[in-house]
Amino acid sequence: MKHLFFSLLFAAVLQFSSAQVSYPISTFNSTSVTFRNLLLTNQQIEDNDTINEEIVDLVSPMVIDSVLDRKKEHHQVFLVGWMIHAFGDYNWRALNMVKQKFVGTIRGDSRSGEEQFTEYDINYNLYSHTHKYLWKIFTAYDRQAKIHRQDFMSKLRHPGHKHRNKYTGPPFVRDTNNADMYQYRLHCELTPQREFRPLLHYLFYPTQPGLNINEHPNFMSRFPSMGFYGPYCLDCNHSCHPEIHPYEWIWWMNLHNGTVKDKTWLVGLLKDGSNRFRHWSHNPKTGKICIPFAFDVKDKAAKDRIITIEHLVFNSFIDSNLTKLDLPATLIGTSQKSVEVSLTDGKGGSIPVTVAFRNVMVTNGVKFWFSEVNWDEQNHILSGFINMGTSVQDLYTMKVTCSGQ
């Protein structure tokens with residue numbers, strides 16, 4: 001009985017105690033335009049897709065298995081997948097042997113009505129307003145034109161329909177100074193692990209029929225701007241159209257979080273669960289990601305700047321793998337309700353920020369830290385990144401809300 005009492009007491013102290021850490025302010029420059037845009041209202045950001053994409057592009061993800069060890073992947077349906085790959089050249093073909101990041105705005109999402117063999121895909125069609133990513137997508141269409149693969153499945157569905165692409169015009173031949181971005185779709189696709197799909201549906205993003213992204217509480221928008229990271233390839237099981245498949249990092253801002261200015265990020269690290277990408281998507285998933293923040297500081301001593309982190313859907317963590325991520329010495333764990341962070345200027349001054357955890361989690365497999373902190377004295381803007389590093393067997397998703405701006 002005594003042991004039970006002390007165990008409960010320790011758990012209570014652990015949950016409600018508050019730790020303190022400090023990080024140096026790295027620079028004292030004028031705030032960049034993109035970080036300034038984080039201080040706009042959510043409605044102002046949603047009304048401008050380019051601004052939204054530029055903010056989403058501040059996020060930087062990585063995984064330790066970022067280099068692909070095989071050029072092509074194929075279906076794994078008994079011997080059929082191997083045969084159509086070997087004799088028909090139906091497969092996925094890497095456009096780059098390093099996993100890539102893309103940011104754009106969604107114009108169309110879909111998901112499987114039911115599982116087909118091992119496939120249950122959650123799909124997003126991404127179109128980029130920024131030249132940075134639009135020109136990267138051009139290269140995929142150039143490669144598609146060289147292959148000249150017609151859509152075989154379309155012919156099966158519509159007998160007598162030739163359905164051949166016209167390679168002499170857009171999107172395969174273009175005026176780069178006057179390109180129509182809506183002709184350059186990047187299809188982003190993943191099959192989440194079967195056992196986590198219901199929880200993902202309720203807590204992260206829609207995985208079940210009957211609910212569109214504009215109805216999901218983490219989106220509430222038909223056209224969200226989103227980021228994806230994973231193998232950049234051509235899907236030559238069909239017409240060799242460009243894809244991120246499978247996406248492994250996915251992130252976006254929920255601009256309908258019920259506040260005018262608080263910035264809420266949804267972030268997920270996921271392994272493909274279809275068994276189609278044995279050489280491109282491994283578990284455990286080990287990686288890190290940085291999320292931008294900006295605070296309009298009216299009182300440097302005030303403690304109203306809060307970054308709240310909520311763990312959503314996840315499974316087993318591999319704590320020992322965090323050594324592969326080259327993390328800094330000062331880290332924030334998840335076993336305390338809140339951590340008081342002092343961002344120091346090297347002259348005896350500091351600006352406090354609270355990192356609060358909505359749900360305490362006793363693990364060493366998830367860590368947070370601050371980096372590239374900038375203090376703009378003239379405009380009273382504090383900006384930088386809060387980083388997360390993890391190693392998890394199959395998936396980890398979270399919600400990060402920056403309030404007090």
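Side notes on the structure shown:
- Taking the numbered list (1) in contact with a Leu (Cβ under 8 Å, 6 or more places away or on another chain); (2) among the β-branched types (Val, Ile, Thr); (3) surrounded by fewer than 17 Cβ atoms within 10 Å (Cβ to Cβ) in turn, Val353 passes all entries but (3).
- Pairs linking a residue in segment 185-210 that is closer than 25 Å to His241 by Cα and small (Gly, Ala, Ser) to a residue that is at pLDDT 95 or above and surrounded by fewer than 21 Cβ atoms within 10 Å (Cβ to Cβ), with Cβ atoms under 7 Å and 6 or more positions apart or on different chains, do not occur.
- Taken over segment 240-270, the criterion of being of a type in the set (Ser, Thr, Tyr) and in contact with a strand residue (DSSP E or B) (Cβ under 6 Å, 6 or more places away or on another chain) is satisfied by Tyr247, Thr264.
- The residues on offer are Ala329, Ala356, and the sole one that is among the aliphatic types (A, V, I, L, M), under 26 Å from Thr286 (Cα atoms) and in contact (Cβ under 8 Å) with a residue 24 or more places away in the chain is Ala356.
- Matching residues, segment 186-224, being crowded, with 19+ Cβ neighbours inside 10 Å, aromatic (Phe, Trp, Tyr) and part of a loop (DSSP other than H, G, I, E, B): Phe204, Tyr205, Phe219
- Selection count, segment 225-263, where residues are touching a Lys or Arg at 6+ places or on another chain (Cβ under 6 Å), small (Gly, Ala, Ser) and in a loop (DSSP other than H, G, I, E, B): 1
- Listed here are the strands (runs of 3 or more DSSP E) enclosed by segment 290-405 that have at least 2 residues being more than 20 Å from the chain's Cα centre (by Cα): 338-344, 350-357, 366-376, 381-392.
- Residue within segment 273-280 that is without any contact (Cβ under 8 Å) to a residue 60 or more places away in the chain and polar (S, T, N, Q) present: no
- The number of residues in segment 264-282 being over 19 Å from Glu215 (Cα atoms) and either touching a helix residue (DSSP H, G or I) at 6+ places or on another chain (Cβ under 9 Å) or part of a strand (DSSP E or B) (or both) comes to 5.
- Residue match in segment 71-94 (condition: part of a loop (DSSP other than H, G, I, E, B), surrounded by 19 or more Cβ atoms within 10 Å (Cβ to Cβ) and at pLDDT 95 or above): no
- Selection of segment 113-146 for residues being within 13 Å of Cys233 (Cα to Cα) and hydrophobic (A, V, I, L, M, F, W, C) yields Ile137, Phe138, Ala140.
- Single condition Ser274 does not satisfy, out of (1) closer than 19 Å to Met97 by Cα; (2) over 13 Å from the mean Cα position of the chain (by Cα); (3) crowded, with 21+ Cβ neighbours inside 10 Å: (1)
- Number of the exception - Ser239 against (1) over 21 Å from Gly104 (Cβ atoms); (2) small (Gly, Ala, Ser); (3) touching a residue at least 40 places away in the same chain (Cβ under 8 Å): (1)
- Test: residue in segment 150-166 that is outside any loop (DSSP other than H, G, I, E, B), aromatic (Phe, Trp, Tyr) and modelled with pLDDT under 95: yes
The values are calculated or read from the model by the stated rules, or taken from the named source; none is laboratory data. Every value quoted in this text rests on a predicted model; they were computed, and no experiment measured them. Quick reminder, even Gly has a Cβ in these numbers, built from the backbone with ideal geometry, and neighbours come from all protein chains shown.
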